[in-house]
1. Tell me, which residue of the stretch 171-196 that is within 35 Å of the chain's Cα centre (by Cα) and touching a residue at least 40 places away in the same chain (Cβ under 8 Å) is least open to solvent (accessible area, probe 1.4 Å)?
2. Mind counting the residues in the stretch 198-238 that are surrounded by 14 or more Cβ atoms within 10 Å (Cβ to Cβ) and among the hydroxyl-bearing types (Ser, Thr, Tyr)?
3. When Gly76 is evaluated against the numbered criteria (1) open to solvent by 80 Å² or more (accessible area, probe 1.4 Å); (2) over 23 Å from Phe155 (Cα atoms), which criterion, by number, is the only one it fails?
4. Out of Leu149, Leu168, report the one residue that is more than 22 Å from Ala203 (Cβ to Cβ) and part of a strand (DSSP E or B).
5. Just checking: which of the strands (runs of 3 or more DSSP E) contained wholly in the stretch 33-122 hold 2 or more residues that are touching a residue at least 60 places away in the same chain (Cβ under 8 Å) and among the β-branched types (Val, Ile, Thr)?
6. Taking Phe151, is it open to solvent by 60 Å² or more (accessible area, probe 1.4 Å) and under 29 Å from Ser125 (Cα atoms)?
Amino acid sequence: MTGPTGATGPTGITGPTGPTGATGITGPTGPTGVTGPTGPTGPTGPAGSTGSAATVSVGTVTTGEPGTEAAVTNSGTEQNAVLNFAIPRGATGSTQPIQLLSAYSTPAQAGTGQTALVFDRNALSYGTAISHANNSANITISQPGVYTLSFNGGFAPGSNVNFPLNVLTVPQLNGVTVTGAATQHTFHTSSDVVNQSFNVPIAVSTVPSTLQIVSTGDGFLYSNIQVSLFREGDIPSS
């Protein structure tokens, strides 16, 4: 048979602490909580004092050099602005040299059939775009462009012609009649004298070109004739 339990002996010395175990996995973040109610609006603050009205006036206006920027500066204050303007002037445009020729003939000359009128002398000539030799019917155009042609002269019936006599005068460029320029007169008596004239623009695209003033009639006289040709500029591209 088991005997009685003896008294408990004293507690032994605590042994050393064992190593720390591994950290466990972090759990998922919990759901965001419900947003709380908006707080009440605070009271309206007092109205500020009325400010003084601003003013704007023009100070100086000056002309700047070509190519500079336009500028506006304030020589006053933010409250009372004084605006100064600087406006550049445009650059001076270039002037093209004058290109013109004027020729004439005073004494009476006879024509019959289709006659290119002969001009004895040149009156005024500038540049190299247009040329004419004395005692010639040909006016040479050496520079393409738009020209203004003017002509006027006196015409009368020749001797021993049959009436009525019709005389038509036109400009021809390289042998082709210029559209829109023609003047004519029908003579009924030998004492009839008339001035024929026209003024017309001409576009010359091919050079050199020959311009003539041509009159057609069965026996006529022409005198005091004058022709002027003035280059206006280049032919527009469109």
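The values are calculated or read from the model by the stated rules, or taken from the named source; none is laboratory data. Every value quoted in this text rests on a predicted model; they were computed, and no experiment measured them. Cβ atoms come from the backbone with ideal geometry, glycine included; neighbour counts cover every protein chain shown. For the accessible areas, the whole protein counts, side chains as well, though only heavy atoms, and no ligand, DNA or RNA atoms are used. Shrake-Rupley method; radii C 1.70, N 1.55, O 1.52, S 1.80 Å.
1. So the first thing to find is which residues in the stretch 171-196 are within 35 Å of the chain's Cα centre (by Cα), and the list is 171-174, 176-182.
Of the ones still in play, those that are also touching a residue at least 40 places away in the same chain (Cβ under 8 Å) are 171-172.
Details: Pro171: 0, Gln172: 25 Å².
Looking at the filtered set, the residue picked out is Pro171.
2. So the answer is 7.
3. (1)
4. Only one candidate qualifies: Leu168.
5. Details: elements: 55-64, 71-74, 80-88, 100-105, 109-116.
Once the strands (runs of 3 or more DSSP E) in the stretch 33-122 are filtered for at least 2 residues that are touching a residue at least 60 places away in the same chain (Cβ under 8 Å) and among the β-branched types (Val, Ile, Thr), what remains is 109-116.
6. Numbers: open to solvent by 60 Å² or more (accessible area, probe 1.4 Å): no; under 29 Å from Ser125 (Cα atoms): yes.
Taking the combined requirement at face value, the residue does not satisfy it.
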